[in-house]
1. Which of the residues spanning the range 1-38 are in a loop (DSSP other than H, G, I, E, B), at pLDDT 95 or above and more than 19 Å from residue 238 (Cα to Cα)?
2. Applying the selection to the range 97-142, what residues are aliphatic (A, V, I, L, M) and more than 14 Å from the ligand (Cβ to nearest atom)?
3. How many of the residues in the range 173-203 are in contact with a helix residue (DSSP H, G or I) (Cβ under 8 Å, 6 or more places away or on another chain), assigned to a helix (DSSP H, G or I) and within 19 Å of residue 124 (Cα to Cα)?
4. State which residue is farthest from residue 143 (Cα to Cα) when the search covers only the range 31-48 and only residues that are open to solvent by 10 Å² or more (accessible area, probe 1.4 Å) and within 12 Å of the ligand (Cβ to nearest atom).
5. Suppose we filter 84, 42 for residues that are of a type outside the set (S, T, N, Q), closer than 26 Å to residue 185 by Cβ and at pLDDT below 95; which single one remains?
6. Mind checking which residues of the range 95-114 are hydrophobic (A, V, I, L, M, F, W, C) and open to solvent by less than 60 Å² (accessible area, probe 1.4 Å)?
7. Of all the residues that make up the range 200-230, how many are out of contact with any Lys or Arg (no Cβ under 7 Å at 6 or more places or on another chain), within 11 Å of the ligand (Cβ to nearest atom) and under 20 Å from residue 96 (Cα atoms)?
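The values are calculated or read from the model by the stated rules, or taken from the named source; none is laboratory data. Keep in mind the model is a prediction, meaning the values are calculated, not measured. With ideal geometry, Cβ positions are generated from the backbone for all residues, glycine too; neighbour counts draw on all protein chains shown. Heavy atoms of the whole protein, side chains included, go into the accessibility calculation; ligands, DNA and RNA do not. Shrake-Rupley method; radii C 1.70, N 1.55, O 1.52, S 1.80 Å.
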Amino acid sequence: MSATGETPAGPRRAIVVGGASGIGAAVAHRLATDGYAVVVADRDAEAARAVAAALPAVPGAGGAHEARGVEVTDEASVAALFEDPAAGDGGLWAVVNSAGTSTLGTVRDLPVAEFRSVLDVNLTGGFLVLQQAARHVVRGGAVVSLTSLNARQPGGGMGAYCAAKAGLAMLTEVAALELGPAGIRVNAVSPGLVVTPLTAPAMDIPGVRDDYVANTPLGRPGTPEEVAAAVSWLVSEESAWMTGEVMDLNGGAHTMRYPDLLGHVDRMLAGLEG
Ligand SMILES: NC(=O)c1ccc[n+]([C@@H]2O[C@H](COP(=O)([O-])OP(=O)(O)OC[C@H]3O[C@@H](n4cnc5c(N)ncnc54)[C@H](O)[C@@H]3O)[C@@H](O)[C@H]2O)c1
């Protein structure tokens, strides 16, 4: 039933922000497989179109998926994504925010403009998506944000990203508190290392991948599909009593220490590693 009390027809709709790549693209695939009409939204509209075009059809609602351009740091752009009814007429049941970016720089040396830009995408963007989700998701629906292991585990040189994801984790709890009475659940998934276009460049630094693996009890990175499976569960009725949860998904990496990225970079620059 929708927030207005009507029973909507058609497939349930899901919006995946940051859906053009990596974890977001895997989430879009998984939710399409689950039967949602998926709106793949991303700053890279062309890549979003390619992902949407490759999604499995919703039974009985062929062609239900769509692609949209969106800039998560722009309030009007995020609002426009949610204003237009888009794919499906079964109500907006799931919103997943996977848009994110990172940088490497110490507290001493990181330019403030770079700090602000990482916060703008990960935290302010996360807020804007949550705000629109609060206004548009139907009673019984759910929101999931992608936070990170770095929301709870510090990484040297990752102050902007860690601070932004920690902020988004707390925002998840606040939004859950506020939206519970409206029947909207709000959770987050905090992955450890998943090799995607975001993390691939760091994997080229000698020693980095091995350090991640050595600090992961299960001994390997995760896959985008494993993260998508957790998101699928969190937006489904199977998790109907869970809200305000920031779910670790990292092969146990939170029990160990974060890799010394700066040390690997320094050793690479000094020609000592690799
Ligand atoms: N890959 C990992 O190891 C990992 C670990 C923990 C958390 N995360 C988080 O998971 C999420 C997805 O990461 P990924 O590895 O799939 O990255 P990715 O770079 O493959 O995908 C991120 C997507 O977000 C989009 N995006 C970036 N900035 C945007 C903006 N301003 N407006 C709209 N779209 C924007 C990009 O175009 C891209 O399609 C991110 O929030 C990331 O911080 C990733």
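1. 18, 19, 20, 21, listed by residue number.
2. So the first thing to find is which residues in the range 97-142 are aliphatic (A, V, I, L, M), and the list is 99, 104, 107, 110, 112-113, 118-119, 121, 123, 128-130, 133-134, 137-138, 142.
Answer for the range 97-142, where residues must be aliphatic (A, V, I, L, M) and more than 14 Å from the ligand (Cβ to nearest atom): 107, 110, 112, 113, 133, 134, 137, 138, 142.
3. The first filter runs over the range 173-203 and keeps only residues in contact with a helix residue (DSSP H, G or I) (Cβ under 8 Å, 6 or more places away or on another chain), leaving 175, 178-179, 182, 184-198, 202-203.
This time we only want the ones that are assigned to a helix (DSSP H, G or I), so: 175, 178-179, 182, 202-203.
Adding the requirement that they be within 19 Å of residue 124 (Cα to Cα) leaves 175, 178-179.
Number of matching residues: 3.
4. Looking only at the range 31-48, we keep the residues that are open to solvent by 10 Å² or more (accessible area, probe 1.4 Å), and these are 33-36, 42-47.
Keeping just the survivors that are within 12 Å of the ligand (Cβ to nearest atom) gives 42-47.
On the way: 42: 17, 43: 20, 44: 22, 45: 22, 46: 25, 47: 23 Å.
Once the filter is applied, the top-ranked residue is 46.
5. Values: 42 fails: at pLDDT below 95.
None of the other options fit; the residue is 84.
6. So in the range 95-114, the residues hydrophobic (A, V, I, L, M, F, W, C) come out as 95-96, 99, 104, 107, 110, 112-113.
Across the range 95-114, the qualifying residues are 95, 96, 99, 110.
7. Qualifying residue count, the range 200-230: 4.
Residue-by-condition table, conditions (1) touching a residue at least 60 places away in the same chain (Cβ under 8 Å); (2) crowded, with 20+ Cβ neighbours inside 10 Å; (3) under 23 Å from residue 79 (Cβ atoms):
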position: 116; (1), (2), (3): no, no, yes
position: 120; (1), (2), (3): no, no, yes
position: 126; (1), (2), (3): no, yes, yes
position: 129; (1), (2), (3): yes, yes, yes
position: 142; (1), (2), (3): yes, yes, yes
position: 145; (1), (2), (3): no, yes, yes
position: 154; (1), (2), (3): yes, no, no
position: 158; (1), (2), (3): yes, yes, no
